[in-house]
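Trainee: Sharing a structure here in structure tokens format.
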Amino acid sequence: MKKTLLYIIALMPLFAAAQIDRSKAPQPAKAPEIKIGQPATFTLANGLKVFVVQNNKLPRVSASLTIDMDGIVEGEKTGLTSMAGSLLRRGTTKMSKAKLDEEIDFLGASINTSATGASAFSLKENFPKVMALLSDVVLRPSFPADELEKIRRQEISGLQAAKDDPASIAENVVNRLTFGKDHPYGDIATEQTINNVKLEDIKNYFNTWWKPNNAYLVFVGDITPTEARTLAEKSFGAWQKGTVPKPTYKQPTPPQKTYIAIVNRPASVQSLITFVTPLALKPGASDVIPASVMNNILGGGFSGRLFANLREKRGFTYGAYSNLNPDRLVGTFRASASVRNEKTDSAVGEFLNEFNRIRTEALTADEVSRMKNYLSGSFARSLENPATIANFALNIARYNLPANYYQDYLKNLASVSPTTVQDVAKKYVLPGQMHVVIVGNAKEIAPGLQKYGEVKYYDVYGNETAPPAAQAVDPSVTPQSILQKAANATANQQAAAALKDVTMKGKASIMGQNIDVEQINILPNTFSFAVSMGGMQLQKQQLKDGKYTQTAQGQTMELDAKAKEDIDERAAFFSDAYLLQQKGNQYTVAGIEKVEGKDAYVLQVKTAGGREFTNYYDVASGLKVKTVQTQDAGPMGQVTMQSYFYDYKPFNGVQIPTRIVIDMGQMQQELKFDDIKVNSGIKPADIK
């Protein structure tokens, strides 16, 4: 009997399935009813609005203070608010930065500040003391002048690094072209604007904008509303309210026609493409939820159409994405990808094809339903975090949203139809009215882009410039004269003849990991190059007694003729003099280009052994400053690698670059040699 019952139970799903008509798609279920907890709220006498989300699962509490502002036009003092946010945390009238850090560490807490807010976090038992410190930071900052200068140096150092970063360059130009210099989002920081910021400017900023009646204080964690009120009153009750400016700004509008804005970066092996259109889309608007569905279908992630087309189908890029951002001042639609130089023209076309397709081709109910399910699940999961409830309350207050906005989110999401999605696509994805900013090597990417719109050129600060022009090379300059000048610049004849051996040790930084590098040259033809990490050898190349070897993680690898020829050149140490001596090589002087802002001869090389690469030689000094070559990277296909040579220093009369940066597009490697020995007496037998 027992076995019979089990058999019947096992067959029940089959009986149920027999009753289902699978020729018809099931009707979508009604949007689930959800209940979102409401934080306790109250307002202090000075106008500070307080929210409390109590969660007793863990004995910890956080507090965040948010100033209600969208930004100001900083103009000739751009960088002011960022520097102000950093300086706020550098000491109070009661204690220095060092003492403040010590107090925070002792309590096992964290306190952070920014241009528009401050936050604190600790265990519950220490939280009252932490709130006292937070109050001291916000209400009684000392604004030490020496700390401001430290911040200034840090900001300038960051700007110097950003000058050659494609993403930073693109952000500058996109913001300036989209919003303009008279809008807060169009500000661009430079060394000059950072240097223009004075201590008095920072004090005026806080005195003008940081008022309790222009702020929100949010508590989350193991704290009751009563405890929160007591702490809020004690910490910020004495904060004096005041009048806060309410500036207005001209609404940025889309360009009348799509155009191409190229920022020439000759060093780029791939181009960074950004499409952007300013939009009148505010938080909480009726279009926000269907627009979110539309954007996620188009380019919200791995499942987006842009990703599927440009990466999976075309192989142009590692990823292509879009973003639609509502904002009180001005919303934006953006889409971007980094693509190989030779595919820039095609990639722009595919982006525009996808923009047009989502506007004109009917979306299927299944595609829209799957995305709504994904967004519904993401929303439900977010509710597991108590901070989400606090953020919802803060958004409702800041953006004047309906009180039930988030309570009704799933219901409103469920009502989105394929027609609604296409309607918002037609409204907010405007392929005929876009700024298309491309940071890349203009010589390689510009041809073919004219068909998408007028091509203009801009500098890294968004100022329109003339197209880059090729510089003519004097007829007297030959490949041999370039190589001879480089050889002479590296070492005179006496120094070159006196060089017997060189040992160079340093570290390379790859994706945040440090590895050890050692190169040994014993002239004329003994060579070793080893890479290791934590004492474990990862890779080694060697030429000894006429025998070439290469090992990687203990495995010996075969070397072809090209690899052996490359090792021969490196073993010679004086590579430019080596090239001069080779028979059968072909050289072409391809012009003059800028490398790090300086003119460099471009010398294309085809060796007798079949290697092809391009060397760049500084016109003034003659030294080699860059090499470009394409290599097979296995599954990644052909990869263009650019090597930059920096910080030449003399060793026994020989100029040696002590820093080398290898740029492979989305991955960079920096190699610094900090231990260089010349003529130390090392012998081939010493190389193992």
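Trainee: Using 0.36 nm per residue, how much length does the chain from Leu58 to Ala387 gain when fully extended, once their Cα-Cα distance is taken away?
Mentor: Values: separation 329, 0.36 × 329 = 118.44 nm, distance 1.35 nm.
Stretched fully, the Leu58-Ala387 segment lengthens by 117.1 nm.
Trainee: Based on Cα positions only, what radius of gyration and what Dmax would you give for segment 316-404, in angstroms?
Mentor: 17.9, 52
Trainee: On to the next question. Distance from the Cα centre of segment 424-450 to that of segment 568-646, in angstrom?
Mentor: A separation of 32 Å, based on Cα centres.
Trainee: Put a dot 7 Å past each Cα toward the Cβ at Gln251 and Met536; how far apart are the dots in nm?
Mentor: Roughly 6.0 nm, to one decimal.
Trainee: Measure off, as a whole percent, the carbon and sulfur share of the 1.4 Å-probe accessible area of the chain, all protein chains present.
Mentor: Values: 17920 of 34880 Å².
Ligands and nucleic acids excluded, carbon and sulfur reach 51 percent.
Trainee: In addition: Segment 159-250: percent of C-alpha pairs farther apart than 21 Å?
Mentor: Values: 2477 of 4186 pairs.
When every Cα pair of segment 159-250 is considered, 59 percent fall beyond 21 Å.
Trainee: Give me the Debye-computed log₁₀ of I(q)/I(0) at q = 0.10 Å⁻¹ for segment 425-549, equal point scatterers on Cα only, no solvent, two decimals.
Mentor: Each listed q corresponds, in turn, to -0.75.
Trainee: Now for a separate question. For segment 283-367, what are the per-bin percents of Cα-Cα distances with bins 10 Å wide, up to the bin holding the maximum?
Mentor: Per 10 Å bin, starting at 0, the Cα pair percentages come out as 17, 47, 28, 7, 0.
Trainee: Additional query: Quickly work out the Ala495-to-Lys426 label distance, labels modelled 7 Å from Cα along the C-beta direction, and quote it in nm with one decimal.
Mentor: Inter-label distance under the simple model: 7.2 nm.
Trainee: Computed over the Cα atoms of segment 56-128, what is the convex hull's projected area averaged over all directions, in nm²? Intermediate values should be presented prior to the final figure.
Mentor: Details: hull surface 25.5 nm².
Here the figure is 6.4 nm², rounded to one decimal.
Trainee: How many angstrom lie between the C-alpha centres of segment 277-292 and segment 79-129?
Mentor: Distance between centres, Cα-based: 36 Å.
Trainee: To continue, here is another question. Return one whole number: the accessible area per residue of segment 250-348 in Å², for a 1.4 Å probe. Before the final figure, lay out each step's value.
Mentor: On the way: 3630 Å² over 99 residues.
Value for segment 250-348: 37 Å² per residue.
Trainee: Quick check: Cα centre of segment 36-75 to Cα centre of segment 362-418, how many Å?
Mentor: 21
Trainee: From the square roots a ≥ b ≥ c of the eigenvalues of the alpha-carbon gyration tensor of segment 491-645, which class results: rounded (a/c under 1.5), prolate (a/b over b/c), or oblate? Could you put the intermediate results ahead of the total?
Mentor: Numbers: a/c = 1.43, a/b = 1.28, b/c = 1.12.
Because its axes are fairly even, with a/c under 1.5, segment 491-645 counts as rounded.
Trainee: A further question on this structure: Kyte-Doolittle cut-off 0.5, length cut-off 20 Å along the helix's own axis using Cα: show which whole DSSP H helices in the chain pass. Working shown, then result.
Mentor: Details: long enough: 2-18 (25 Å, 1.45); 145-162 (25 Å, -0.73); 344-360 (24 Å, -0.54); 365-382 (25 Å, -0.67).
Membrane-span-like by this rule: 2-18.
Trainee: Counting only the backbone N, which residues of segment 530-547 are under 16 Å from the spot 7 Å out from the Cα of Asp675 toward its beta-carbon?
Mentor: The answer is 530-537, whose backbone nitrogens lie closer than 16 Å to the label point.
Trainee: Full-extension gain between Asn404 and Ser96, please, as 0.36 nm times their residue separation minus the C-alpha to C-alpha distance. Write down the numbers at each step before the final one.
Mentor: On the way: separation 308, 0.36 × 308 = 110.88 nm, distance 4.58 nm.
Result for the pair: 106.3 nm of gain on full extension.
Trainee: Continuing with this model, one more query. Once a ≥ b ≥ c are taken as the square roots of the eigenvalues of the Cα gyration tensor of segment 24-180, is the result rounded (a/c under 1.5), prolate (a/b larger than b/c) or oblate (a/b not larger than b/c)?
Mentor: Working: a/c = 2.10, a/b = 1.13, b/c = 1.86.
Oblate, because a/c is 1.5 or more while a/b does not exceed b/c.
The values are calculated or read from the model by the stated rules, or taken from the named source; none is laboratory data. Note that the structure is predicted; figures quoted are calculated from it, not measured. Ideal geometry is used to build each Cβ from the backbone, glycine not excepted, and the neighbour counts take in all protein chains shown. Note: accessible area is taken over every heavy atom of the protein model, side chains too, but ligands, DNA and RNA are not part of it. Shrake-Rupley method; radii C 1.70, N 1.55, O 1.52, S 1.80 Å.
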